[in-house]
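Asker: If you scroll down you'll find the structure; I have some questions about it.
The values are calculated or read from the model by the stated rules, or taken from the named source; none is laboratory data. All of these numbers come straight from a predicted model, not from anything done at the bench. Counting neighbours? That spans all protein chains shown, and the Cβs are built from the backbone with ideal geometry, glycine included.
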Amino acid sequence: MPGPLDGVRVLDLSRLLPGPFCTQLLTDLGAEVIKVEDPQGGDYLRWTPPLLDDGTSVLFHALNRGKKSVTLDLKSEDGAAKFRKLLSSADVVVESFRPGVMEKLGFSPASMLGEFPRLVVCSISGYGQAGPLRLRAGHDINYVARSGAYALMAAPVVLPVQVADLAAGAWPAAMQICAALVGRARTGVGAVVDVSMKDGVTGLLSMVLARTLVGEDVGGGRDLLVGAVPCYGIYPTSDGFLSVGALEPKFWAAFCAALGQPELATRNFDADIRSLLVELIAQKTTAAWTTIFSAVDACVEPVLSPAEALAEARRVDVDIGGRIFAFVGLGVDAPGCTVRAPTLGQHNAELLRP
């Protein structure tokens, strides 16, 4: 069954995580995504362990299922000419170079749109295409640090999910690309999309940062959802952890009743009872608490291991060299592409004909 983006051709010049995740979302929605890779090794993720028997990275397959691959040296006249020909049949370009690189190659977003007015050009970068930080190198941890998110915690720790790369980079990029395609269908004109991962993380904090506008200090663990109240947090069990999100009074009352402490039902924001909760929850295993709270509507769930989470996730089965790998779906309401990732330059003959 064709997806909603069936017939849309995307040229993907990005590498590693944010750009490929974005274009994998587009692939799963039905777009034809062509990775335009450096002939000298291509996307760095191709060779990042763990490697499969054929020498390819399982990480690369996770983010590049069903895409096509061509190799072009965009610094050469021949490579630039072939890329320009690909542009003539493309709907979308995604790139994640440092600002200014595409201009040096002769393919600035504005010039591509000027030559091909129906094109949607999306640039994903740490700090955006303009401003004083635009040329600074960085990674997810740096963008989250500058966004204000880490400072909300009492003791900042490295997050296990790449929030800037994914929630503030890949997803907004995919959304804005789809929006631009809708706009193009109405006007006939494409667009230039500038995604700043740092700005995206700050945007995710819009509700929290609104408190500062009226003088509240939300840093250092003082905000509601970062450990300030006992009804919302992570508690150790005897062998793992339990998440408690009983913010509303009815959920908190149900939680207290299940603990055998109904008298605590009015103390959901009382930090003094946290030590009691820690003591009580530590007396049982995670499995025991899961059984108890499976019958209670209290917003309490176990902290699953990655393997446990994968077992209950929506998955996409991909055949790689005769072995089936169940990759986790990326969260779109679509079947997901079940075709393995391409080898480097696999589609040169098909797509780079003179």
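Table: residues versus (1) under 22 Å from the mean Cα position of the chain (by Cα); (2) not aliphatic (A, V, I, L, M).
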site	(1), (2)
2	no, yes
9	yes, yes
14	yes, yes
18	yes, yes
42	yes, yes
50	yes, yes
78	no, yes
81	no, no
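Asker: Taking the options 134, 98, name whichever one is over 25 Å from residue 33 (Cβ atoms) and among the basic types (Lys, Arg). Spell out the reasoning first.
Answerer: On the way: 98 fails: over 25 Å from residue 33 (Cβ atoms).
So the residue among 134, 98 that is over 25 Å from residue 33 (Cβ atoms) and among the basic types (Lys, Arg) is 134.
Asker: Out of the range 282-331, which residues are assigned to a strand (DSSP E or B) and either charged (D, E, K, R) or over 21 Å from residue 51 (Cβ atoms) (or both)? Walk me through how you get there before you give the answer.
Answerer: Residues of the range 282-331 assigned to a strand (DSSP E or B): 300-302, 315-320, 323-328.
Once the filter is applied, which keeps residues that are assigned to a strand (DSSP E or B) and either charged (D, E, K, R) or over 21 Å from residue 51 (Cβ atoms) (or both), the range 282-331 yields 300, 301, 302, 315, 317, 319, 323.
Asker: I'd like the residue in the range 181-227 that is over 30 Å from residue 26 (Cβ atoms) and among the acidic types (Asp, Glu) and, out of all such residues, is surrounded by the most Cβ atoms within 10 Å (Cβ to Cβ).
Answerer: Looking at the filtered set, the residue picked out is 223.
Asker: I would also like to ask the following. How many of the residues in the range 150-170 are under 25 Å from residue 97 (Cα atoms) and surrounded by 13 or more Cβ atoms within 10 Å (Cβ to Cβ)?
Answerer: So the answer is 10.
Asker: Only residues that are within 22 Å of residue 131 (Cβ to Cβ) and either acidic (Asp, Glu) or in contact with a Lys or Arg (Cβ under 9 Å, 6 or more places away or on another chain) (or both): list them for the range 168-219, please.
Answerer: The answer is 168, 191, 194, 196, 198, 199, 201, 202.
Asker: Same structure, new question: Quick one: in the range 247-276, of everything that is surrounded by 14 or more Cβ atoms within 10 Å (Cβ to Cβ) and either of a type outside the set (A, V, I, L, M, F, W, C) or in contact with a Ser or Thr (Cβ under 8 Å, 6 or more places away or on another chain) (or both), which residue is farthest from residue 230 (Cα to Cα)? Give the steps one after another, and end with the answer.
Answerer: Residues of the range 247-276 that are surrounded by 14 or more Cβ atoms within 10 Å (Cβ to Cβ), as a first pass: 247, 251-259, 261, 264-265, 267-269, 273-274, 276.
Then drop every residue that is not either of a type outside the set (A, V, I, L, M, F, W, C) or in contact with a Ser or Thr (Cβ under 8 Å, 6 or more places away or on another chain) (or both), which leaves 261, 267-268, 274.
Numbers: 261: 14, 267: 9, 268: 6, 274: 5 Å.
Step by step, filter the range 247-276, then rank; the result is 261.
Asker: Just to be sure I understand, how many residues within the range 70-97 are in contact with an Asp or Glu (Cβ under 6 Å, 6 or more places away or on another chain) and either outside the structural domain of residue 114 (by TED's automatic domain parsing) or assigned to a helix (DSSP H, G or I) (or both)?
Answerer: Result for the range 70-97: 1.
Asker: To continue, here is another question. Go through the residues of the range 302-311 one by one and say whether even a single one is in contact with a Pro (Cβ under 7 Å, 6 or more places away or on another chain) and not assigned by TED's automatic domain parsing to the domain that holds residue 57.
Answerer: no
Asker: Looking at the range 171-180 only, could you name the residues that are closer than 16 Å to residue 203 by Cβ and surrounded by 17 or more Cβ atoms within 10 Å (Cβ to Cβ)?
Answerer: Residues satisfying the conditions are 171, 172, 173, 174, 176.
Asker: Name the pairs whose Cβ atoms lie under 6 Å apart, with the first residue in the range 274-299 and farther than 17 Å from residue 262 by Cα and small (Gly, Ala, Ser), the second at pLDDT 95 or above and not in a helix (DSSP H, G or I), and 6 or more positions between them or separate chains?
Answerer: 282/236; 282/238
Asker: Look at residue 96 and say whether it is touching a helix residue (DSSP H, G or I) at 6+ places or on another chain (Cβ under 8 Å), free of Cβ contacts under 8 Å to residues at least 12 places away in the same chain, of a type in the set (Gly, Ala, Ser) and surrounded by 14 or more Cβ atoms within 10 Å (Cβ to Cβ). Step through it out loud before you land on a result.
Answerer: On the way: touching a helix residue (DSSP H, G or I) at 6+ places or on another chain (Cβ under 8 Å): yes; free of Cβ contacts under 8 Å to residues at least 12 places away in the same chain: no; of a type in the set (Gly, Ala, Ser): yes; surrounded by 14 or more Cβ atoms within 10 Å (Cβ to Cβ): yes.
Criteria not met by residue 96.
Asker: So, residue 133, is that one more than 21 Å from residue 342 (Cα to Cα), of a type in the set (A, V, I, L, M) and assigned to a loop (DSSP other than H, G, I, E, B) or not?
Answerer: Numbers: more than 21 Å from residue 342 (Cα to Cα): yes; of a type in the set (A, V, I, L, M): yes; assigned to a loop (DSSP other than H, G, I, E, B): yes.
Here the answer is yes, as residue 133 does meet what is asked.
Asker: Can you name every residue in the range 54-74 that is within 13 Å of residue 325 (Cβ to Cβ) and among the basic types (Lys, Arg)?
Answerer: Once the filter is applied, which keeps residues that are within 13 Å of residue 325 (Cβ to Cβ) and among the basic types (Lys, Arg), the range 54-74 yields only 65.
Asker: Tell me which residues, restricted to the range 277-298, are touching a Leu at 6+ places or on another chain (Cβ under 8 Å) and either surrounded by fewer than 16 Cβ atoms within 10 Å (Cβ to Cβ) or not assigned by TED's automatic domain parsing to the domain that holds residue 255 (or both).
Answerer: 280 - this is the single residue of the range 277-298 that is touching a Leu at 6+ places or on another chain (Cβ under 8 Å) and either surrounded by fewer than 16 Cβ atoms within 10 Å (Cβ to Cβ) or not assigned by TED's automatic domain parsing to the domain that holds residue 255 (or both).
Asker: Take the conditions part of a loop (DSSP other than H, G, I, E, B), out of contact with any Gly (no Cβ under 9 Å at 6 or more places or on another chain) and surrounded by 13 or more Cβ atoms within 10 Å (Cβ to Cβ) and apply them to residue 138. Does it pass?
Answerer: When the stated conditions are applied, residue 138 does not pass them.
Asker: Follow-up. Could you please find all residues in the range 300-327 being in contact (Cβ under 8 Å) with a residue 60 or more places away in the chain and either among the hydroxyl-bearing types (Ser, Thr, Tyr) or surrounded by 13 or more Cβ atoms within 10 Å (Cβ to Cβ) (or both)?
Answerer: 302, 303, 316, 318, 320, 325, 327 - these are the residues of the range 300-327 that are in contact (Cβ under 8 Å) with a residue 60 or more places away in the chain and either among the hydroxyl-bearing types (Ser, Thr, Tyr) or surrounded by 13 or more Cβ atoms within 10 Å (Cβ to Cβ) (or both).
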